[in-house]
Amino acid sequence: MAILVVGSVAFDSIETPSGHAERCLGGAATYFSLAASYFTDVRVIAVVGEDFTAAEEDVLKRRGVDTRGIEHVAGKSFFWRGSYLKNLNEAQTHETHLNVFETFSPSVPAEYADSEFLFLANIDPMLQANVRKQMPRVRMVCGDTMNYWINDHRENLEKVLTGLDGLLINDGEAKLLAKDANLVRAAEKILASGPKSLIVKHGEYGATAFFGDKLFPGETNHVALPFRAPALPLSEVVDPTGAGDSFAGGFFGYLASHQEITPATFKRAMFYGGVMGSFAVERFGTERLQALTREEIDRRFALFRELSHLD
């Protein structure tokens with residue numbers, strides 16, 4: 001079962017206490033696609049400029065990602081420069097150049113119309129809504145957003161939320177979206193606004209899922225309480241960029257690899273999301289995600305299980 005992801009494919013220049021890297025392959029759709037590709041088929045819709053060469057596209061193709069939806073246009077690709085020298089949990093942005101991404105208008109190719117899963121990465125809510133309309137028969141749709149869209153495009157964002165099976169955001173974004181500093185109350189308000197589930201990412205502290213009563217019909221009693229998945233303590237974090245998008249890719253990729261989505265499958269997907277996020281931060285950019293094996297992923301999943309196993 002294929003996932004269609006719509007988002008950014010970009011270049012990043014990053015500095016952390018571990019060093020720096022110039023023009024790494026990045027972007028939300030890139031991290032998501034690579035992480036999800038270890039579980040199921042992935043198709044990507046994005047826009048890139050003339051600086052995005054066959055070498056960069058081959059990074060995705062080697063993982064089996066279908067790149068026919070990447071539009072190549074004149075100009076430069078989306079570029080971001082940032083650092084984590086003050087705090088590994090918070091990026092300091094030094095430059096952002098949208099370039100060709102500024103006029104991105106995603107259109108779903110005919111060959112992607114049978115995609116059963118849709119992930120709307122962090123882009124303009126109007127674009128998210130447009131893609132969602134083009135995919136009326138998807139089995140499950142999840143999405144992401146950020147502070148800018150919450151603050152300045154709330155009305156459009158709220159329209160997107162009503163059509164989501166899952167919203168994946170961090171705890172600060174959840175509180176901002178709900179206008180409530182208490183995470184539990186914030187989650188209740190967000191679920192009441194439309195999404196069937198809310199997955200709140202806590203960075204190095206794991207993630208929490210909150211469930212509405214429509215995600216698993218007939219199984220409400222099993223999912224009434226939030227579910228917390230741990231994060232793996234790491235001795236060194238080289239580059240946190242893309243950890244959240246990698247979490248999303250692992251989470252959604254695992255879900256898409258199953259015929260039936262149950263509470264148990266959903267919870268295991270949370271663990272696999274954490275696994276992929278933990279790998280992503282071990283190298284600069286997407287380097288670590290490019291060369292994993294499923295055996296490595298499953299071994300780390302076992303470590304995550306040990307973290308939460310009481311008896």
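A few points about this structure:
- Beta carbons closer than 6 Å, at least 6 apart along the sequence or on distinct chains, pair a first residue in region 182-196 that is in contact (Cβ under 8 Å) with a residue 12 or more places away in the chain and buried (at least 17 other Cβ atoms within 10 Å of the Cβ) with a second that is of a type in the set (F, W, Y) and not in a helix (DSSP H, G or I) for A187/F210.
- Criterion: among the acidic types (D, E) and within 18 Å of V42 (Cα to Cα) - qualifying residue of D152, D144, D213: D144
- Test: D114 is of a type in the set (D, E), at pLDDT 95 or above and surrounded by 15 or more Cβ atoms within 10 Å (Cβ to Cβ): no
- The listed residue being modelled with pLDDT of 95 or more and polar (S, T, N, Q), out of S246, S235, S308: S246
- Near pairs, Cβ below 9 angstrom, 6+ apart or cross-chain, from region 12-39 (crowded, with 24+ Cβ neighbours inside 10 Å and assigned to a strand (DSSP E or B)) to any residue that is hydrophobic (A, V, I, L, M, F, W, C) and at pLDDT below 95: I14/A91
- Whichever residue in region 77-111 is surrounded by fewer than 17 Cβ atoms within 10 Å (Cβ to Cβ) and among the charged types (D, E, K, R) and, among such residues, is farthest from E204 (Cα to Cα): E111
- Any hit, region 156-173, residues being under 27 Å from T241 (Cβ atoms), over 20 Å from the mean Cα position of the chain (by Cα) and surrounded by 19 or more Cβ atoms within 10 Å (Cβ to Cβ): no
- For L215: the one exception among (1) surrounded by fewer than 15 Cβ atoms within 10 Å (Cβ to Cβ); (2) over 19 Å from the mean Cα position of the chain (by Cα); (3) within 22 Å of D144 (Cβ to Cβ): (1)
- Out of A207, A181, A174, sole residue that is farther than 21 Å from K267 by Cα and not hydroxyl-bearing (S, T, Y): A181
The values are calculated or read from the model by the stated rules, or taken from the named source; none is laboratory data. Because the structure is a prediction, the values reported are computed rather than measured. Every residue, glycine as well, gets a Cβ built from its backbone with ideal geometry; the counts of neighbours run over all protein chains shown.
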